[in-house]
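Quick notes on the structure that follows.
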Amino acid sequence: MKALRKLGLVAAAIATLATSTAAIAQEINDPFRDPALESLKGKKIAYLPISIGFDLAQAWGGVVKQQSQVYGMEFTSQDPNWNTDAMAQGFTALLAEHPDVIVTQNPDMQSLARLMKQANSEGIVVIQLNMAGAVQTDAVVAPDFIGMGEQIAQKVLDRCGKDTNTSHKVSIVQGVLTGGVSFYQVQGINKVFAEHPEIQVVSSQAADWDATKARAITETVLQQHPDICAVIDVWDGQGVGTGAAIQQAGLSDKVFFITSGGGAQSMCDKLKDGTFSAAYNYDAVGMGRDAWTAIMVALQNKQGGGAIKTQIYSPYRYMTKDDVRDGTCFNPEEYAKILR
């Protein structure tokens, strides 16, 4: 009898514990989730890059659109197709539409500055991608281009500096001179080279993001300086032209060619086939995630556009052909499909 009584007490205790546990489980919830989701639901995101037709913009926009759909937001995009006037007109139209967030990419330092400032003053969150303008908004998502330029210059010094048996000659192929990617990257490069007088920069010209111009510039430089040690191109999209000129001249084994970009498959392909000697990969897909994070933070803070201003420096890494593996680079077409 005593044994049965003990069993009964144990069973009752277990039943009580199970009931209590179930009750507690029903009461437990995440008190912060609903407010966070509510701050995103129904919000409108407008995407305005320089052009949607290239790998960086496809990755950024693809990630942001995909996530916006998950959280019940509205996503729209415009394609100025590299036309600065069309981009300014598009931004002006967005001010009238008053989306909650504008994600944009400055064509240069000044063209959108006044418009971005106006958007912030009207409570619109503005996220700048890759190329910072002359005003600071809610977030700039980009690599630290000055720091990256310094690292690029150091890689060139390793190949062409005073302790090397070379001509010490270097050529720099810029993009748009006042575009953030080019302007700040070259600033970092020049800062390092200024401390190394043995380095002779024989050319520093703008190719305006055009691979054909980059090729023509480099062909001329190579004709004038066949003993050149290194060539730097500030973006791999135009760097395909620069690298092609070096290959055409039969100098791929002699000239150190370094560039940078967002890590699209074309970067890995050009590293593998020797068009690029080396590249800094700043991971455009990761930048898209950083932009999405910036959007969530700004909207959940509920303080309006321009209230909290941050610089979000996206990571980057140095790569040669030895670092290329399956899946190292991303396929832009996968993200282009999302934007269609």
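The values are calculated or read from the model by the stated rules, or taken from the named source; none is laboratory data. This structure is a prediction, so every number in the text was calculated from the model and none was measured. Backbone-built Cβ (ideal geometry, glycine too); neighbour counts: all protein chains shown. In case anyone asks, the SASA skips ligands and DNA or RNA and just uses the protein heavy atoms, side chains included. Shrake-Rupley method; radii C 1.70, N 1.55, O 1.52, S 1.80 Å.
Is it possible to state the helix-based mean residue ellipticity at 222 nm for the chain, with each DSSP H run of 4+ residues giving -39500 (n - 2.57), the sum divided by total residues, to the nearest 500 deg cm²/dmol? What is it?
Numbers: 12 runs with 164 residues, N = 340.
After summing the helix terms and dividing by residue count, I get -15500 deg cm²/dmol.
Mind counting lysine pairs for me in the stretch 117-205? Cα separation below 26 Å, and the two need to be 8 or more apart along the chain or on different chains.
Here the count comes out as 4.
Placing unit charges on each Cβ (+1 for Lys and Arg, -1 for Asp and Glu) gives the stretch 102-246 a dipole about its Cα centre, and among G239, G133, T164 the Cα reaching farthest toward its positive end belongs to G133.
Computed from the C-beta positions of A86 and D227, the FRET efficiency with R₀ = 30 Å rounds to 0.10. Each Lys and Arg adds +1 at its Cβ and each Asp and Glu adds -1 at its Cβ; summed about the Cα centre, the stretch 195-340 shows a dipole of about 620 debye. Across the options I102, V70, A46, the greatest Cα extent toward the positive end of the charge dipole of the chain (unit charges at beta carbon of Lys, Arg, Asp, Glu) belongs to V70. Considering only I124, I189, M267, and ranking their Cα positions along the charge dipole of the chain that arises from unit charges at the beta-carbon of Lys, Arg, Asp and Glu, the one farthest toward the positive end is I124. In this simple spin-label approximation, T220 and D273 carry label points 7 Å from Cα along the Cα→Cβ vector, and these lie 2.6 nm apart.
Overall, the stretch 159-278 carries a charge dipole of about 60 debye about its Cα centre when +1 sits on the Cβ of Lys and Arg and -1 on the Cβ of Asp and Glu, all other atoms neutral. Legend: calculated FRET efficiency, E38 to T212, from the Cβ-Cβ distance at R0 = 56 Å, rounded to 0.05, equals 0.65.
For Rg/Rh (Cα atoms, Kirkwood Rh), the candidate list reads (i) 1.18; (ii) 1.00; (iii) 1.11; the entry that matches the value derived from this model is (i).
For D269, the solvent-accessible surface computed with a 1.4 Å probe is close to 70 Å², ligands and nucleic acids excluded. Greater than 29 Å separation of Cα atoms is the criterion. Which listed pairs, K43/K337; K213/K254; K44/K270, meet it? Long pairs (Cα-Cα over 29 Å): K44/K270. With contacts taken as Cα pairs under 8 Å at a separation of at least 6 residues, the stretch 111-214 carries a relative contact order of 25 percent.
In a reduced charge model with +1 at each Lys and Arg Cβ and -1 at each Asp and Glu Cβ, the chain shows a dipole moment near 1160 debye about its Cα centre. Taking Lys and Arg as +1 and Asp and Glu as -1, the other residues whose beta-carbon sits under 12 Å from that of Q187 total -1.
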